[in-house]
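This report concerns only the one structure given below.
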Amino acid sequence: MENFHEPVLLEESIAALNIRDGLVYVDATLGGGGHTRAILNTGKKIKLISFDQDEAAIEHCRNSFGENYDNLTLIHDNFSNFWTGVALQKIKKIDGILFDLGVSSYQINEPERGFSFSLDGKLDMRMNNKSERTAYEIVNKFTYEELKKIFFEYGEERESSRIAKGIIKERESKNIQTTLELADIIDRYTFSHQKLKAKARIFQAIRIYLNDEINVLTTALNDAVKILNPGGRLAVISYHSLEDRIVKQLLRFQEKVCICPPSFPQCVCNKKSTLRILTKKPITPKQEEIARNSRARSAKLRIAEKKEVE
């Protein structure tokens, strides 16, 4: 449990929530509890609900926080279900929600979780270790076309075809059992000099597909917009271009007043603008933070505020 990561963009993300007395906030991605603890330590009299689908994260934070915070509720669930979780607490609206996307350092640093291409462990990669399907099934049972599509769409890997063919060829003699076996195959079938990045992209792609992260994120962001009170804040920290693109596009869509084609003489869609984007460009970590915490290197924070919709 000592491997839970230092929270990224901590000061910036807490400031983004504009925390005020008497209101309700959600940390959708509890992880090691760094952001949750910082929200509670603002000293404001608030209600905070924090979610994580990883049972280890929930248990770590229960033990870490103890009975220190009677205004905190921890819920073991995927953040795509946070609206239901909030409703079960008899809360209809919230005033701020934070998403810190991706994999925690704890998950990466535990070999048996199978997230790391540099540590030897079984091909797992489940965010929720109660889920049935693991990365082993994807690597050993999916077809060439399925693997190529996953690597290209979720890893944006240019050599997706070659790496997929390599996996198919190698598993003809024996199943691919471990993370290091898969990493070695990626290494041998990547022709460019970006072998390290290729391994990172392929592992990322399998993890995103396995945990349905894109659909989960889209659902959660749309629900967040609906459940926020006017003036409430949505803050999202992403770590790769695929996630950031989804966040940026969704915020822009929610901010738009009209989505009619430009050729239409007047608006017929009657779309309302629900959000005001507060970060035209994403907030990125300072060099001091990157030097202290390499995980912060690719982080981007986007913030939006709920409008009063007529």
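Go over the candidates Asp95, Asp100 one by one and state the one that is surrounded by 15 or more Cβ atoms within 10 Å (Cβ to Cβ) and touching a Lys or Arg at 6+ places or on another chain (Cβ under 9 Å).
Details: Asp100 fails: touching a Lys or Arg at 6+ places or on another chain (Cβ under 9 Å).
One residue alone meets the criteria, Asp95.
Specify which of the listed residues (Leu147, Leu182, Leu210) is in contact with a helix residue (DSSP H, G or I) (Cβ under 9 Å, 6 or more places away or on another chain) and either within 29 Å of Asp77 (Cβ to Cβ) or polar (S, T, N, Q) (or both).
From the options Leu147, Leu182, Leu210, the qualifying one is Leu210.
Within segment 237-244, is even one residue within 22 Å of Val309 (Cα to Cα), without any contact (Cβ under 8 Å) to a residue 60 or more places away in the chain, in contact with a Ser or Thr (Cβ under 9 Å, 6 or more places away or on another chain) and in the same structural domain as Thr29 (by TED's automatic domain parsing)?
We begin by selecting, within segment 237-244, every residue within 22 Å of Val309 (Cα to Cα); these are none.
No; the residues of segment 237-244 include none that is within 22 Å of Val309 (Cα to Cα), without any contact (Cβ under 8 Å) to a residue 60 or more places away in the chain, in contact with a Ser or Thr (Cβ under 9 Å, 6 or more places away or on another chain) and in the same structural domain as Thr29 (by TED's automatic domain parsing).
Starting from residues that are touching an Asp or Glu at 6+ places or on another chain (Cβ under 8 Å) and exposed (fewer than 15 other Cβ atoms within 10 Å of the Cβ), keep the ones in segment 268-288 and report whichever is modelled with the highest pLDDT.
Among them, the one singled out is Arg276.
Within segment 258-283, take every residue that is in contact (Cβ under 8 Å) with a residue 24 or more places away in the chain and among the hydroxyl-bearing types (Ser, Thr, Tyr) and give me the one that is nearest to Pro7 (Cα to Cα).
The qualifying residue nearest to Pro7 (Cα to Cα) is Thr279.
Being touching an Asp or Glu at 6+ places or on another chain (Cβ under 8 Å) and surrounded by fewer than 19 Cβ atoms within 10 Å (Cβ to Cβ) is the filter here, so list the residues in segment 19-33 that pass it.
The one that is touching an Asp or Glu at 6+ places or on another chain (Cβ under 8 Å) and surrounded by fewer than 19 Cβ atoms within 10 Å (Cβ to Cβ): Arg20.
Just one of the numbered conditions (1) modelled with pLDDT of 95 or more; (2) within 28 Å of Lys248 (Cβ to Cβ); (3) out of contact with any Ser or Thr (no Cβ under 6 Å at 6 or more places or on another chain) is not true of Ser104; which one?
Every listed condition holds for Ser104 apart from (1).
So the check is Cβ under 8 Å with 6+ separation or different chains; which pairs have a first residue in segment 79-90 that's under 14 Å from Leu30 (Cβ atoms) and in contact (Cβ under 8 Å) with a residue 12 or more places away in the chain and a second one that's part of a loop (DSSP other than H, G, I, E, B) and of a type in the set (Val, Ile, Thr)?
Matching pairs, first to second residue: Phe79/Thr29.
For segment 273-298, what are the residues that are over 19 Å from Gly96 (Cβ atoms) and aliphatic (A, V, I, L, M)? Steps first, answer last, please.
The initial filter retains those residues of segment 273-298 that are over 19 Å from Gly96 (Cβ atoms), namely 273, 280-281, 284-298.
The answer is Ile290, Ala291, Ala296.
Looking at segment 159-180, which of the residues that are without any contact (Cβ under 8 Å) to a residue 24 or more places away in the chain and not polar (S, T, N, Q) is surrounded by the most Cβ atoms within 10 Å (Cβ to Cβ)?
Ranking the qualifying residues of segment 159-180, first place goes to Ala164.
Would you mind finding the one in Ala304, Ala291, Ala224, Ala235 that is surrounded by 12 or more Cβ atoms within 10 Å (Cβ to Cβ), among the small types (Gly, Ala, Ser) and not in a strand (DSSP E or B)?
Working: Ala304 fails: not in a strand (DSSP E or B); Ala291 fails: surrounded by 12 or more Cβ atoms within 10 Å (Cβ to Cβ); Ala235 fails: not in a strand (DSSP E or B).
Unique residue meeting the criteria: Ala224.
Tell me which residues, restricted to segment 125-148, are surrounded by fewer than 20 Cβ atoms within 10 Å (Cβ to Cβ) and either closer than 16 Å to Arg188 by Cβ or under 21 Å from the mean Cα position of the chain (by Cα) (or both).
Asn128, Asn129, Lys130, Ser131, Glu132, Arg133, Thr134
When segment 31-55 is examined, which residues are found to be touching a residue at least 60 places away in the same chain (Cβ under 8 Å) and farther than 18 Å from Val8 by Cβ? Outline the logic, then answer.
Looking only at segment 31-55, we keep the residues that are touching a residue at least 60 places away in the same chain (Cβ under 8 Å), and these are 31-32, 35, 53-55.
Of everything in segment 31-55, those that are touching a residue at least 60 places away in the same chain (Cβ under 8 Å) and farther than 18 Å from Val8 by Cβ turn out to be Gln53, Glu55.
Determine which member of the set Ile277, Ile206, Ile227 is β-branched (Val, Ile, Thr) and under 30 Å from Asp124 (Cα atoms). Spell out how you get there, then give the answer.
Values: Ile277 fails: under 30 Å from Asp124 (Cα atoms); Ile227 fails: under 30 Å from Asp124 (Cα atoms).
Checking each option against the conditions leaves just Ile206.
For Ser192, indicate whether it is in a loop (DSSP other than H, G, I, E, B) and either of a type in the set (A, V, I, L, M) or modelled with pLDDT of 95 or more (or both). Give the derivation first.
On the way: in a loop (DSSP other than H, G, I, E, B): yes; either of a type in the set (A, V, I, L, M) or modelled with pLDDT of 95 or more (or both): no.
Spelling it out, it is not the case that Ser192 is in a loop (DSSP other than H, G, I, E, B) and either of a type in the set (A, V, I, L, M) or modelled with pLDDT of 95 or more (or both).
Can you find, within segment 110-124, the residue that is nearest to the chain's Cα centre (by Cα) among those that are surrounded by fewer than 16 Cβ atoms within 10 Å (Cβ to Cβ) and in contact (Cβ under 8 Å) with a residue 60 or more places away in the chain?
Step one: of segment 110-124, the residues surrounded by fewer than 16 Cβ atoms within 10 Å (Cβ to Cβ) are 112, 118, 120, 122.
From the residues that got through so far, the ones that are in contact (Cβ under 8 Å) with a residue 60 or more places away in the chain too are 118, 120.
Numbers: Ser118: 21, Asp120: 24 Å.
In this case the residue turns out to be Ser118.
Without any contact (Cβ under 8 Å) to a residue 24 or more places away in the chain and not assigned by TED's automatic domain parsing to the domain that holds Val236: which single residue out of Glu145, Glu156 fits that description?
Values: Glu156 fails: without any contact (Cβ under 8 Å) to a residue 24 or more places away in the chain.
From the options Glu145, Glu156, the qualifying one is Glu145.
Looking at the structure I just gave you, is Leu242 buried (at least 22 other Cβ atoms within 10 Å of the Cβ) and either hydrophobic (A, V, I, L, M, F, W, C) or within 24 Å of Ala299 (Cα to Cα) (or both)? Even if it seems obvious, please write down each step before you answer.
Values: buried (at least 22 other Cβ atoms within 10 Å of the Cβ): no; either hydrophobic (A, V, I, L, M, F, W, C) or within 24 Å of Ala299 (Cα to Cα) (or both): yes.
So Leu242 does not fit the description; no.
The values are calculated or read from the model by the stated rules, or taken from the named source; none is laboratory data. Because the structure is a prediction, the values reported are computed rather than measured. A quick note on method: Cβ atoms are made from the backbone with ideal geometry, for glycine too, and the neighbour counts reach across all protein chains shown.
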